[in-house]
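Contents: one structure, followed by commentary.
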Amino acid sequence: MARYSILKSLGKLASLPGKRPLSQLSERELIQRESEIGRQIFGPIKKGHRREFFNTSPKVWIWHEEWLDSAGKRHQLTTKYEIRDHDIWKVQPGPRYTKLSGDELTNFKRAVEVYFERVMREIYDTEHNV
Amino acid sequence: MEKYSSHQIDIKQLERFLGDAIEEANTEVDSDSQSNDIAPELATERAYEMQLVAEIVDISEKLQVARQRVRGD
């Protein structure tokens with residue numbers, strides 16, 4: 001059993017070149033790894049774009065997008081999804097705030113589900129069905 | 001693997017950046033929450049949305065637990 005466990009651990013390290021064991025990572029570094037998955041679940045990212053999507057706490061999800069316009073100027077937009085009581089509020093610079101409902105809420109829930117399923121499987125090595 | 005040396009996710013900065021917006025959102029939420037009259041035909045839809053939010057909260061909490069577990073917290 002112990003030998004199997006060691007081999008399994010070595011296999012994980014081999015599949016993650018240059019990465020430290022999860023136990024040595026800070027919470028922020030774990031979130032960064034999660035965001036590497038989060039940025040993928042909304043489809044391809046155009047050249048010159050950067051996208052992040054991650055969860056920071058039981059009440060907060062963040063979407064961050066950066067892109068270059070035709071003049072080469074960089075733009076960015078950060079959207080914070082804050083869970084408050086029985087609602088989710090989308091907060092953007094301005095400030096602009098919108099309560100998620102209807103299709104937008106359904107789509108957000110689906111994105112969270114996919115994020116969770118992939119993060120648990122690919123980072124935390126745990127199968128979870130939601 | 002993408003390096004983050006020039007593109008670190010500064011969560012604290014993001015929180016500060018949106019802090020004022022959240023404060024204003026709080027005010028709106030408080031005033032809005034005083035309107036508790038929901039038309040019967042909307043009750044089912046509202047219940048469904050509350051269920052979705054509850055499931056999102058559950059997932060978010062499980063993520064926190066997973067992080068704490070791997071770090072031995």
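The values are calculated or read from the model by the stated rules, or taken from the named source; none is laboratory data. Owing to the predicted nature of the structure, the values given are computational and were not obtained by experimental measurement. Neighbour counts run over all protein chains shown; Cβ positions are idealised from the backbone, glycine included. In case anyone asks, the SASA skips ligands and DNA or RNA and just uses the protein heavy atoms, side chains included. Shrake-Rupley method; radii C 1.70, N 1.55, O 1.52, S 1.80 Å.
General remarks:
One line per residue, one yes/no per condition, for (1) among the small types (Gly, Ala, Ser); (2) at positive phi; (3) more than 7 Å from every other protein chain (Cβ to nearest Cβ); (4) open to solvent by 30 Å² or more (accessible area, probe 1.4 Å):
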| site | (1), (2), (3), (4) |
| --- | --- |
| A:LYS47 | no, no, yes, yes |
| A:ASN55 | no, no, no, no |
| A:TRP63 | no, no, yes, yes |
| A:ARG74 | no, no, yes, yes |
| A:HIS86 | no, no, no, yes |
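- Candidates A:TYR115, A:TYR97, A:TYR81, A:TYR124: the one that is modelled with pLDDT under 95 and under 29 Å from A:LEU25 (Cβ atoms) is A:TYR124.
- Residues satisfying the stated conditions in the range A:25-43, i.e. more than 9 Å from the chain's Cα centre (by Cα) and buried (at least 19 other Cβ atoms within 10 Å of the Cβ): A:LEU30
- Pairs where the first residue, in the range A:76-95, is over 21 Å from B:GLN51 (Cα atoms) and the second is aliphatic (A, V, I, L, M) and surrounded by fewer than 17 Cβ atoms within 10 Å (Cβ to Cβ), C-beta under 8 Å, 6+ apart: A:GLN92/A:LEU77; A:PRO93/A:LEU77
- Members of the range A:95-124 that are open to solvent by 80 Å² or more (accessible area, probe 1.4 Å) and not in a strand (DSSP E or B): A:ASP103, A:ASN107, A:ARG110, A:ARG121, A:GLU122
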